[in-house]
Amino acid sequence: MVNLILKKSLIPILAILILTGCKDSYESCHLSKGIDAILSDYVDRYSEDSVITLQFYKVENRTILNIQHSPFYPFKEYVDGCFLYKDKLVLYCLLDKSVLVDSLIDTTFTSDKTILNNYKSWEDVDCEIDGHSDCESYIVKSRNKIVKAVKTDFVFKERASDTIGIRNNSINNLINQRLNNHNAPITAIRFASFENNDYFMISEVNLYAKKTLSGCLKRNGRILTFYGLEKLRNPDVIDIELIQKNLSLLNNHKEISSKSFDFESSEGDLYKILPKGNVEKVSVEELSDEKYEMLYKALGF
């Protein structure tokens, strides 16, 4: 009987000891050693803001992690999971669903996003979103080995040189040059007709808005997404039959609302298609406020 009493009394004591021992490591027990090490170091160096964002995407078969800090969290639709870490709200966003984030972060533990109700988003405070220069990029070698990314980690092995989908040589050359200089998995191209001329804007946006998407195609390992094709006065610059309406190319990529997409893609470069098919870059700074607003409205913003 005495032994039984002792055994019974040991159970709550052991439970208390286990919970106490776990308390310090609780924040990291749902993280791989690689993520835990990166987070711990980053939070210690940049402790001024309450929100840390981990953004995952792929360049070819390489998994890239961007990490940055901010006072507020991005739009809720960007967030795939969140958790607390050293009194910071940590969010992770999967721009490419093929990243096996569950081997890096316990998704069963972090999928509940109700904690966001205790924080404000950039949209809530109605202020301009400004990315910190303290954003850092890493390449995920394995769940326990994550190292600082170098320039070559972002470069596609295959140079962009295709002409599929675009009949205009000037536009083709410009697109390929842009792809080779920016090395983005997804490049968005918006078209518009304004004051009897066709315009287009190119921006690197590793997301897409299904509602306004005209189509997409694969070019040398990258994806081109097209918006506003139906607005072109001269549709001959595009080979519409080769631009896929089937969105299977985008299956692994994050879909967002048109409103959020408009914000993300608004910083691209703008071009005017001249009558003989040549292309001229448009200086937005030289446009009047009225013309700027009308042109961007034509582009769908």
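The values are calculated or read from the model by the stated rules, or taken from the named source; none is laboratory data. All of these numbers come straight from a predicted model, not from anything done at the bench. Neighbour counts run over all protein chains shown; Cβ positions are idealised from the backbone, glycine included. Quick note on the areas: whole protein, heavy atoms, side chains included, nothing else; ligands and nucleic acids left out. Shrake-Rupley method; radii C 1.70, N 1.55, O 1.52, S 1.80 Å.
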- Cβ-Cβ under 9 Å pairs, at least 6 apart or on other chains, the stretch 279-301 side more than 12 Å from Y199 (Cα to Cα), far side exposed (fewer than 11 other Cβ atoms within 10 Å of the Cβ) and at pLDDT 90 or above: K291/E195; M294/E195
- Note on the structure: Taking the stretch 166-198 and keeping only residues that are more than 12 Å from V279 (Cβ to Cβ), open to solvent by less than 20 Å² (accessible area, probe 1.4 Å) and not in a strand (DSSP E or B), one is left with N176, L179, A184, P185
- Item | Residue satisfying all of: in the stretch 128-142; loosely packed, with under 14 Cβ neighbours inside 10 Å and among the acidic types (D, E); modelled with the lowest pLDDT among these | D130
- Query: Identify, please: which residue in the stretch 285-301 is of a type outside the set (G, A, S) and under 14 Å from A188 (Cα atoms) and is, among those, surrounded by the fewest Cβ atoms within 10 Å (Cβ to Cβ)?
  - Reply: F301
- Item | Failed condition for I223, given (1) hydrophobic (A, V, I, L, M, F, W, C); (2) modelled with pLDDT under 95; (3) buried (at least 16 other Cβ atoms within 10 Å of the Cβ); (4) within 22 Å of the chain's Cα centre (by Cα) | (2)
- Message: For the stretch 236-261, which positions are farther than 16 Å from G165 by Cβ, open to solvent by 50 Å² or more (accessible area, probe 1.4 Å) and part of a loop (DSSP other than H, G, I, E, B)?
- Response: N251, N252
- Among the residues of the stretch 271-284, is any surrounded by 15 or more Cβ atoms within 10 Å (Cβ to Cβ) and in a helix (DSSP H, G or I)? no
- Note on the structure: All conditions in (1) open to solvent by less than 50 Å² (accessible area, probe 1.4 Å); (2) among the β-branched types (V, I, T); (3) part of a helix (DSSP H, G or I) are true of V90 except (3)
- Report yes if D134 is assigned to a helix (DSSP H, G or I) and either more than 20 Å from Y227 (Cα to Cα) or of a type in the set (V, I, T) (or both), otherwise no. no
